[in-house]
Amino acid sequence: MLPTRAALVVDDERDIRELLSITLRRMGLEVDTAENLAAARERLAGRAYDLCFTDMRLPDGSGQSLIELIASRYPDTPVAMITAHGNVEAAVNALKAGAFDFVSKPVDLHVLRRMVQNALQLGEQRRAQTQLSNNKLLGESAAIRELRATIAKVARSQAPVFISGESGVGKELVARLIHEQGPRAAGPFVPVNCGAIPAELMESEFFGHRKGSFTGAVSDRPGLFQAAHGGTLFLDEVAELPLHMQVKLLRVIQEKTVRPVGATSEQPVDVRILSATHTDLAARVAEGRFRHDLYYRIHVIELNVPPLRERREDVPLLVDAILRRLAAENGDPGYELAAEAEQALAEYPFPGNVRELENVLERAVALCEGGVIRVSDLHLPSAPRPLAPASSPAPGAAPDTAVLPSSAPLPDALPDYIESLEREAIQKALVECRYNKTKAAAKLGITFRALRYKLKKLGIE
């Protein structure tokens, strides 16, 4: 059974609302109506629409402002302007603002029906494009626009791409976009967190194993390279690979073959390698902790994802998208930011970047009342106090007192330390329970749902 399509009619004239509602319902659409701009915004926040009609003039604003709102926040919803007869200028302005068409009063029902059919086809095309790429690199800052343009260029090639950037900036999202916009889009995209696989299981995870090759190998199992055959393998936190695995990975990239653990022959694999890390990989090469030959193999093209503090103008757009997603997931009509909360988010530096912004808003949504998020719901860490420089210790301090550098203040370091403890405990439990998540959750004393949330949050595969 096909899902019911829905339309929104916005007009302050009751007769127009009823005429359009009757016509649209006869075409099989559910219809909601709004008599002004405020009501229209409320309807849009509450559900997704396949089509919207809006009058040019509304009691509390212009229909053009509604078109601009829909174009920016609900781009998959085609919108048409209802104009006075002969008002060509208003029609042109509506099209420039993002409307797909316009209809003049008095409304010709034949024209209206044809317009509805065209709008629904347009909506299907937009949804198909969205399904092709559910991942969106949101932002209109110069840095993000440049990054999107570069992604489009490198996606066309088969060269390995190294994605650099701080934790939480969206490196995996960039990798997915490269995959989806390239010739391997129809193939699998296989992400793996190299720091989350125990060293003793790494070779089996990457290359697979044969039945009986080691204790617990009860059947043949393909590895990550075989799973990514014909597509893309994304090596996140590649700097965490131990040296013995770096040697094996280099050979696979060079020879394009893998040998499963316990096998006597090699298997051909066809994968594109994308990799990422939040650490300085060149520095690790200089320290002898990462092989220089592997570095040059995976570092053919580098993309740097900017931190959120360097594109603050994108924060409102990200906040809006995250809140709409959370509202849909929670079945709520929507959430609103109080003015002081909006200001606090604009001023906060977000050391955890987009991931931290998501966590902050998820917590705020759970704590807020009436759908209004106030600054107290955000629980943003207060600004750290300036630390005394190493050359000028505080009076009375011990001579060997360690002074943290300004780049690593204690309030930022503490969450990372706690996260590392969580990661270590979860990985240990998973290994001891042979990766049975239900048993691991019981061993940790948490619910399976809580463990699943932690695995996603910490990026543990």
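Below is a table of values for the structure above.
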read-out: Restricting segment 65-90 to residues that are farther than 25 Å from Ala48 by Cα and in contact (Cβ under 8 Å) with a residue 12 or more places away in the chain, the residue that is least open to solvent (accessible area, probe 1.4 Å); value: Ala90
read-out: Residue, modelled with the lowest pLDDT, within segment 151-164, restricted to residues that are in contact with a strand residue (DSSP E or B) (Cβ under 6 Å, 6 or more places away or on another chain) and open to solvent by less than 50 Å² (accessible area, probe 1.4 Å); value: Ala159
read-out: Residue check, Phe102 in contact with a Ser or Thr (Cβ under 7 Å, 6 or more places away or on another chain), modelled with pLDDT of 75 or more and closer than 30 Å to Leu281 by Cβ; value: no
read-out: Selection from segment 132-173 of residues that are under 15 Å from Asn193 (Cα atoms) and among the β-branched types (Val, Ile, Thr); value: Ile163
read-out: Verdict on Glu30 being touching a helix residue (DSSP H, G or I) at 6+ places or on another chain (Cβ under 8 Å) and open to solvent by 60 Å² or more (accessible area, probe 1.4 Å); value: no
read-out: Per-region count, segment 152-176, residues part of a helix (DSSP H, G or I) and either hydroxyl-bearing (Ser, Thr, Tyr) or closer than 22 Å to Leu281 by Cα (or both); value: 7
read-out: Qualifying residue in segment 282-295 (condition: aliphatic (A, V, I, L, M) and closer than 27 Å to Ala152 by Cβ); value: yes
read-out: When residues of segment 209-261 are limited to those that are β-branched (Val, Ile, Thr) and touching a helix residue (DSSP H, G or I) at 6+ places or on another chain (Cβ under 9 Å), the one farthest from Val161 (Cα to Cα); value: Val261
read-out: Residues satisfying the stated conditions in segment 209-249, i.e. part of a loop (DSSP other than H, G, I, E, B), at pLDDT 90 or above and buried (at least 16 other Cβ atoms within 10 Å of the Cβ); value: Ala228, His229, Gly231, Glu237, Leu241
read-out: Residues located in segment 267-318, provided they are aromatic (Phe, Trp, Tyr) and either open to solvent by 40 Å² or more (accessible area, probe 1.4 Å) or not in a loop (DSSP other than H, G, I, E, B) (or both); value: Tyr295, Tyr296
read-out: Within segment 101-110, considering residues that are open to solvent by less than 50 Å² (accessible area, probe 1.4 Å) and hydrophobic (A, V, I, L, M, F, W, C), the one nearest to Tyr49 (Cα to Cα); value: Val103
read-out: One residue from Ala442, Ala402 being aliphatic (A, V, I, L, M) and either at pLDDT below 50 or within 26 Å of the chain's Cα centre (by Cα) (or both); value: Ala402
read-out: Pairs where the first residue, in segment 177-201, is closer than 16 Å to Gly223 by Cβ and part of a helix (DSSP H, G or I) and the second is among the β-branched types (Val, Ile, Thr) and open to solvent by 10 Å² or more (accessible area, probe 1.4 Å), C-beta under 7 Å, 6+ apart; value: Ala196/Ile460
read-out: Residues being under 18 Å from Arg325 (Cβ atoms) and either among the basic types (Lys, Arg) or open to solvent by 60 Å² or more (accessible area, probe 1.4 Å) (or both) - total across segment 343-357; value: 1
read-out: Residue match in segment 119-138 (condition: within 17 Å of the chain's Cα centre (by Cα), modelled with pLDDT of 90 or more, buried (at least 16 other Cβ atoms within 10 Å of the Cβ) and under 30 Å from Val79 (Cα atoms)); value: no
read-out: Residue list for segment 319-332, filter: charged (D, E, K, R) and either open to solvent by less than 20 Å² (accessible area, probe 1.4 Å) or free of Cβ contacts under 8 Å to residues at least 40 places away in the same chain (or both); value: Arg325, Glu329, Asp332
read-out: Given (1) among the β-branched types (Val, Ile, Thr); (2) part of a helix (DSSP H, G or I); (3) under 18 Å from Gln121 (Cβ atoms), index of the condition Thr77 fails; value: (2)
read-out: Condition check for Ile22: free of Cβ contacts under 8 Å to residues at least 12 places away in the same chain and under 20 Å from Ser104 (Cα atoms); value: yes
read-out: Whichever residue in segment 252-290 is over 20 Å from Ala185 (Cα atoms), within 33 Å of the chain's Cα centre (by Cα) and among the hydroxyl-bearing types (Ser, Thr, Tyr) and, among such residues, is modelled with the lowest pLDDT; value: Thr279
read-out: Test: residue in segment 333-347 that is of a type in the set (D, E, K, R), in contact (Cβ under 8 Å) with a residue 60 or more places away in the chain and not in a helix (DSSP H, G or I); value: no
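The values are calculated or read from the model by the stated rules, or taken from the named source; none is laboratory data. Since we're looking at a predicted model, the values are computed, not measured. Methodologically, a virtual Cβ is constructed for each residue, glycine included, from the backbone with ideal geometry; neighbour enumeration extends over all protein chains shown. Just so you know, the surface numbers come from the protein's heavy atoms only, side chains and all, with ligands and any DNA or RNA stripped out. Shrake-Rupley method; radii C 1.70, N 1.55, O 1.52, S 1.80 Å.
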